[in-house]
Amino acid sequence: MWCDSAVSTGPHGGEPHPGSRLSRLNWLRAGVLGANDGIVSTAGLVVGVAGATDDRSAILTAAVAGLVSGAVSMGLGEYVSVSSQRDSERSVLAQEMRELEDDPEGELQELAGFYRQKGLSEQTAQQVAVELSAHDAFAAHADAELHLDPGALTSPTVAAGASALSFTLGAALPTLAIVLPPLQARVPVTFLVVLLALALTGGVSATLGGSGRRRAIVRVVVGGALAMVVTYLVGSLVGTTL
């Protein structure tokens with residue numbers, strides 16, 4: 001289909017378009033990765049502290065501090081990143097609007113050229129360009145030339161909130177796993193819970209990305225296990241030298 005934004009009415013007008021589905025998949029994938037970050041970073045922190053001390057309060061304090069600082073960091077980082085992206089998108093959209101105002105005929109021919117490059121005949125490409133320009137020239141150019149929807153730019157605030165929330169949900173798992181069980185079971189339970197959670201997020205991420213799940217699961221589980229082993233050993237070493 002040569003232009004998603006051009007197909008908004010008709011018998012299938014209510015169906016989601018490929019662009020909107022891709023956007024939702026990207027958001028979901030980002031949420032899964034954010035949760036994965038929360039799981040791994042917080043698990044490494046709490047297991048490391050548990051290797052140094054048996055004090056439940058100290059472990060919980062470290063877990064909460066890591067959760068809050070990580071969520072804030074993720075949210076701020078996402079806000080800055082998406083804000084920069086949105087500023088760039090607005091800049092190129094404003095430039096496109098000026099070009100349409102200054103040279104509408106030249107922009108019409110440029111639009112027809114994009115459709116010829118997609119495989120349409122000269123006559124069909126010209127007709128498509130004329131009809132789309134008559135409907136909404138700016139939206140047609142934004143879609144064909146910039147691959148943007150002027151009315152659906154990503155919100156930095158929403159992106160930041162989603163990133164912080166996904167990290168928080170992921171970080172909550174190792175936090176609960178390390179503080180709720182009895183003393184001797186804390187670290188083994190945390191290892192088990194974290195590795196199961198990582199296997200789940202790895203599988204979901206691979207499914208969303210259309211890649212092999214086995215390799216993705218093994219990669220993320222091995223990485224998470226290695227992170228916890230290293231931090232536990234470091235924590236144990238520090239705890240015995242202080």
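The values are calculated or read from the model by the stated rules, or taken from the named source; none is laboratory data. Quick caveat, the model's predicted, so the values are computed rather than measured. Quick reminder, even Gly has a Cβ in these numbers, built from the backbone with ideal geometry, and neighbours come from all protein chains shown. Note: areas computed on protein heavy atoms with side chains; ligands, DNA, RNA excluded. Shrake-Rupley method; radii C 1.70, N 1.55, O 1.52, S 1.80 Å.
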Checklist entry - Can you tell me how many residues in the range 109-140 are surrounded by fewer than 18 Cβ atoms within 10 Å (Cβ to Cβ), under 32 Å from the mean Cα position of the chain (by Cα) and part of a helix (DSSP H, G or I)? => result 3
Checklist entry - For D55, all conditions in the list (1) among the acidic types (D, E); (2) surrounded by fewer than 16 Cβ atoms within 10 Å (Cβ to Cβ); (3) in contact with a helix residue (DSSP H, G or I) (Cβ under 7 Å, 6 or more places away or on another chain) hold save one; what is the number of the exception? => result (3)
Checklist entry - Which residue pairs have Cβ atoms under 9 Å apart, sit 6 or more places apart or on different chains, and have a first residue in the range 184-200 that is at positive phi and a second that is modelled with pLDDT of 95 or more and part of a helix (DSSP H, G or I)? => result none
Checklist entry - In this structure, is T201 modelled with pLDDT of 90 or more, part of a helix (DSSP H, G or I) and crowded, with 20+ Cβ neighbours inside 10 Å? => result no
Item to check | From A162, A206, residue being open to solvent by less than 30 Å² (accessible area, probe 1.4 Å) and touching a helix residue (DSSP H, G or I) at 6+ places or on another chain (Cβ under 9 Å) | outcome: A206
Checklist entry - Since A35 meets every condition but one in (1) at pLDDT 90 or above; (2) among the small types (G, A, S); (3) surrounded by 20 or more Cβ atoms within 10 Å (Cβ to Cβ), which condition does it not meet? => result (1)
Item to check | the range 165-188, residues that are modelled with pLDDT of 90 or more and open to solvent by 50 Å² or more (accessible area, probe 1.4 Å) | outcome: L165, L169, L173, L176, L180, P182, P188
Checklist entry - Does G106 fit the bill of being open to solvent by less than 70 Å² (accessible area, probe 1.4 Å) and part of a helix (DSSP H, G or I)? => result yes
Next on the checklist: If G239 meets every condition in (1) touching a helix residue (DSSP H, G or I) at 6+ places or on another chain (Cβ under 9 Å); (2) free of Cβ contacts under 8 Å to residues at least 24 places away in the same chain apart from one, which number is that one?
Outcome noted: (2)
